Amino acid sequence: MVNFVGAGPGAADLITVRGKYLIENADIVIYAGSLVNKELLKYANQKCRIYNSALMTLEEIIEVIADGEKNNKNIVRLHTGDPSLYGAIREQMDILDKLNIKYEVCPGVSSLFGAAASLKAEYTLPDVSQSVIITRMEGRTPVPEKEDISLFASHNATMVIFLSAGMTEKLSQKLMDGGYKPDTPAAIVYKATWEDEKIIKTTVSRLAVSALENNITKTALIIVGEFLGDYYKRSKLYNPKFTHKFRKGE
Ligand code: SAH
């Protein structure tokens, strides 16, 4: 049996109870060494075989899984954050389907949410933004033309940008070209929930300067939007005048 497990954003105790249980009961763990906290490997039992996927190709990962499966082992494939975001799990699952190897997916806390917690922020504020755009700049992996950041920027919604901390100058330009005002609040959250986490509050126009000043080129999210500012309207749900299924308004 194979379990794809979300390791959470960084802090070892932010894995789910289920994820921890799966590691404790694993005979083989293949973890994404670039971003998964090694503290999590302490949950594994002493006989567990541990592989760092940062040093492996897809083919090598599948070989370890297929061999483990043949020997009836419990296998955990440990991905950073939640496996459904930039996790490259689909290509693994499709091969496992072909090999008739069963698997499950255990969700994790994405860095997207780790960063919101560190910022003590709410992404969806009434009268500010009710949507979160999760995206990235083009790197080695191309981004479809219709998903260019400058197109998304026209919405002025809350935006969380992965995998782009090394491209802040171009990013900043695209955000402004697309319609964010230069002084729109922005944050660079480096290693959210890790011990060496850094939070930099800045603006869309100053993203590149702020990244440079703080020497940040990777393992960070760029988060943009007026939700980082002071203005919003209070919720209807907790308004004394508002009636709903569980409470009658004044
Ligand atoms: N599946 C992961 C994302 C993997 S892609 C998730 O759900 O979080 C790797 C990118 O995620 C990094 O380049 C960075 O942009 C972001 N990232 C991962 N962990 C992070 C953390 N603790 N703090 C800030 N950004 C992080």
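Structural remarks
- Lys, Arg +1 and Asp, Glu -1 on Cβ, resulting dipole of region 2-106 about Cα centre, debye, nearest 20: 300
- Residues whose amide H falls under 5 Å from that of Tyr51, counting only those 5 or more places apart or on a different chain, are Val29, Ile30, Tyr31, with hydrogens built in the peptide plane.
- For the chain, with +1 on Lys and Arg beta carbons and -1 on Asp and Glu, the positive-most of Asn215, Val160, Tyr231 along the dipole: Tyr231
- Charging the Cβ of each Asp and Glu at -1 and of each Lys and Arg at +1, and nothing else, the dipole of region 196-238 about its Cα centre rounds to 260 debye.
- Residue pairs, from the table Lys170/Lys198; Lys102/Lys218; Lys146/Lys198; Lys42/Lys201; Lys47/Lys191, whose Cα atoms sit over 27 Å apart: Lys102/Lys218; Lys146/Lys198; Lys42/Lys201; Lys47/Lys191
- Calculated FRET efficiency for the pair Glu195/Leu41, C-beta based, R₀ 25 Å, to 0.05: 0.90
- Cβ crowding within 10 Å averaged over residues, with 7-19, 139-151 ranked highest first: 7-19, 139-151
- Hydrodynamic radius of the chain by the Kirkwood approach over all distinct alpha-carbon pairs: 19.9 Å.
- Couplings 3J(HN,Hα) for region 28-43, derived from phi with the Karplus relation 6.51 cos²θ - 1.76 cosθ + 1.60 (θ = phi - 60°), are 9, 10, 10, 10, 7, x, 5, 9, 7, 5, 5, 3, 5, 6, 5, 6 Hz, where x marks Gly and Pro.
- Qualifying chymotrypsin sites (Phe, Trp or Tyr not before Pro) in region 194-250, where qualification requires a DSSP coil assignment and no more than 10 other C-beta atoms within 10 Å, comprise Tyr231, Tyr238, Phe246.
- Share, in percent, of DSSP beta bridges within the chain that are antiparallel, nearest 5: 45
- Net charge dipole size for the chain [Lys, Arg +1 and Asp, Glu -1 on Cβ; Debye, nearest 20]: 820
- With contacts taken as Cα pairs under 8 Å at a separation of at least 6 residues, region 190-250 carries a relative contact order of 22 percent.
- Charge-dipole axis of the chain as Lys and Arg at +1 and Asp and Glu at -1 on Cβ define it, positive-most pick from Leu40, Gly87, Ser131: Ser131
Values in this text are rule-based calculations from the coordinates and carry no lab data. Everything numeric in this text was worked out from a predicted model, so none of it was measured. Neighbour counts run over all protein chains shown; Cβ positions are idealised from the backbone, glycine included.
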